[in-house]
Amino acid sequence: MRNAKMIEEINNAIGAHGMWKLRLRTAVSTGRSEMTAKVAGCSDQCTFGKWLASSQLDASVRAGVPYKVVSRVHAEFHQCAGKVLTHVERGDTGSARDLLEGEYFERTDKLIRALMKWKGELLRDTAIARFAA
């Protein structure tokens, strides 16, 4: 897969996962969500997760450290989002809010940093390839 397409997927993922914060805040404040905790907790249900699991990424990408790190922190992000919604579904908005403002924000920050690092490496590789050509 070309770096430009991977960078596009990463950019889309950064935006999409940033929107989760708003969705979860809304769920905590209203006590309900359009998404279940079970779905939110699965990292292969979002567009980016489906892409990560798809055959579009070749073995060399999957073997790389950036892919492995992003896959792991992406799964941790979704597990935490699922925990927030589990508390919402149980009516425990206090615990949901605590989790959202603590662990969830940490997981989000970690995911965004990992995505930005992967994107930076792809941009660097692209620039090197252009320079060498």
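Descriptive notes on the structure:
- Looking at LYS5, LYS68, LYS50, just one residue is charged (D, E, K, R), in a helix (DSSP H, G or I), out of contact with any Gly (no Cβ under 8 Å at 6 or more places or on another chain) and at pLDDT below 95, and that residue is LYS5.
- Any hit, the range 78-90, residues being at pLDDT below 95, charged (D, E, K, R) and either over 20 Å from the mean Cα position of the chain (by Cα) or not in a helix (DSSP H, G or I) (or both): no
- Inspection of the range 108-119 identifies at least one residue that is more than 18 Å from ILE7 (Cβ to Cβ) and polar (S, T, N, Q).
- Residue match in the range 91-110 (condition: open to solvent by 40 Å² or more (accessible area, probe 1.4 Å), assigned to a loop (DSSP other than H, G, I, E, B) and of a type outside the set (Ser, Thr, Tyr)): yes
- Annotation: of all residues in the range 1-34 being without any contact (Cβ under 8 Å) to a residue 60 or more places away in the chain and open to solvent by less than 70 Å² (accessible area, probe 1.4 Å), the one that is farthest from SER71 (Cα to Cα) is THR30.
- Among the residues of the range 53-65, just one is part of a loop (DSSP other than H, G, I, E, B) and touching a Lys or Arg at 6+ places or on another chain (Cβ under 9 Å), namely GLN56.
The values are calculated or read from the model by the stated rules, or taken from the named source; none is laboratory data. This is a predicted model, so every value here is computed, not measured. Using ideal geometry, Cβ is built from the backbone for each residue, glycine included, and neighbour counts are taken over all protein chains shown. Just so you know, the surface numbers come from the protein's heavy atoms only, side chains and all, with ligands and any DNA or RNA stripped out. Shrake-Rupley method; radii C 1.70, N 1.55, O 1.52, S 1.80 Å.
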